[in-house]
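Have a look at the structure below, then the notes.
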Amino acid sequence: MIKLENVSKAYRVDGRDIPALAGVSLSVTAGSVFGIIGHSGAGKSTLIRLINLLERPTGGRILLDGEDVTELNASALRGLRQQVGMIFQHFNLLGSKTIAENVAFPLKIAGALNKAQIAQRVDELLALVGLTDHRDKYPAQLSGGQKQRVGIARALANRPKVLLCDEATSALDPQTTQSVLQLLLDINKRLGLTIVLITHEMDVIRSICDRVAVIDGGLIVEEGPVTQVFLHPKHPTTRRFVFEAEHIDENKQYDDYQHVEGKIVRLTFIGESTYQPILGSVARDCAVDFSILAGRIERIKDTPCGQLTLALSGHDVDAALARFSAEGIDVEVLR
Ligand SMILES: Nc1ncnc2c1ncn2[C@@H]1O[C@H](COP(=O)(O)OP(=O)(O)OP(=O)(O)O)[C@@H](O)[C@H]1O
């Protein structure tokens, strides 16, 4: 649905070029939820704003559904903006208009529907985001989560193929963040909408994304399925994001392990094996003892997964490791 090919962007300030993106390439599959994570100043906002040409790239190509958007004329660009909805961190609602009027606004601008059709579409959209009872209120009378629901309804008004979310939950508390994320996921599943979101929070990525790209200094430093990136982060920036989210202090862990005897391994379970009693049966069959040094079991989007760090000792540790591998468990020997 979206393809960026070697896209670069520099801002011209006082006659000097300030680089923001340096040769970014990525592909977003239709119907997927794609997350981009990075620290402040990494280039996230620039990247997402390039997709609907709120910013123009300095180099490279941006393809939307196979069409190079950088070559569109003004009227085709207006059409593109209707195919790509966007929501924002601070909602950007019109304070002097009611909720229903805010949602109707892009429909009026598009000019394709008459008054009765617009009213009907607004009703549908407000029902979709659970705000039917608030249609005649003004934005100032709503909570942050409700305002973002209005933003979502407005972004979906013209039935876009793609929804861009620019730090859409950063101004919300954790519980409201989750309810807005679940709404986005529900819309993604029900309407088959492709979603691209940027965030600095790994929890947002873990809750709803299928794939994630990590951006640092204007470059994509790591990209892949969220389970893979979460369970086996490679780049130092990715590792920092994951360890922060999981409250893991890697250096302290390795200090602690110095006093532990045996072979230290990390087992990663994905899917059904997460809940199977494999550990006990392997320990019995191979006559090994184990102590659990660290562990977590969680869900990454819909996939249960777990990671256990064990110290193994006893009769046949290598046979135990081979059994774990044969059961489809990823085994890393740490020491
Ligand atoms: N309009 C602009 N003019 C000049 N420089 C800009 C402009 N917008 C962004 N930049 C610069 O481009 C780089 C990337 O900024 P960008 O806003 O894309 O990062 P970000 O990851 O979204 O950061 P944040 O999370 O703080 O919004 C930064 O060095 C920033 O100062």
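What follows is calculated from the coordinates using simple rules that are stated; it is not laboratory data. All values reported here derive from a predicted model rather than from experimental measurement. Counting neighbours? That spans all protein chains shown, and the Cβs are built from the backbone with ideal geometry, glycine included.
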*Taking Cα atoms of the stretch 1-53, Rg/Rh with Kirkwood Rh, to two decimals?*
1.01
*Across the Cα atoms of the stretch 219-320, what radius of gyration and what greatest pairwise Cα-Cα distance (Dmax) are found, in Å?*
15.2, 48
*When the Kirkwood radius is taken over all Cα pairs of the stretch 174-213, what Stokes-Einstein diffusion coefficient follows at 25 °C and 0.890 mPa s, in µm²/s?*
232
*By how many degrees, between 0 and 90 and to the nearest 10, does the Cα long axis of helix 236-246 differ from the longest principal axis of the chain?*
80
_Semi-axes of the equivalent ellipsoid for the chain, please: Cα gyration tensor eigenvalues, times 5, square-rooted, ordered largest first, whole Å._
44, 24, 17
*Net charge dipole size for the chain [Lys, Arg +1 and Asp, Glu -1 on Cβ; Debye, nearest 20]*: 1580
*Where Rh denotes the Kirkwood radius from the mean inverse Cα pair distance, what is Rg over Rh for the stretch 278-326?*
1.05
_P(r) for the stretch 1-108, please, calculated from all Cα pair distances in 10 Å bins and given in %._
12, 39, 33, 15, 1
_Angle between the chain longest axis and helix 99-110 axis [Cα atoms, degrees, rounded to 10]_ = 70
*Determine, for the stretch 1-151, the count of lysine pairs separated by eight or more sequence positions (or lying on different chains) whose alpha-carbon distance falls under 17 Å.*
7
*Dipole of the chain, positive end: most advanced residue of Asn114, Asn102, His134 [Cβ charges, Cα centre]*: Asn114
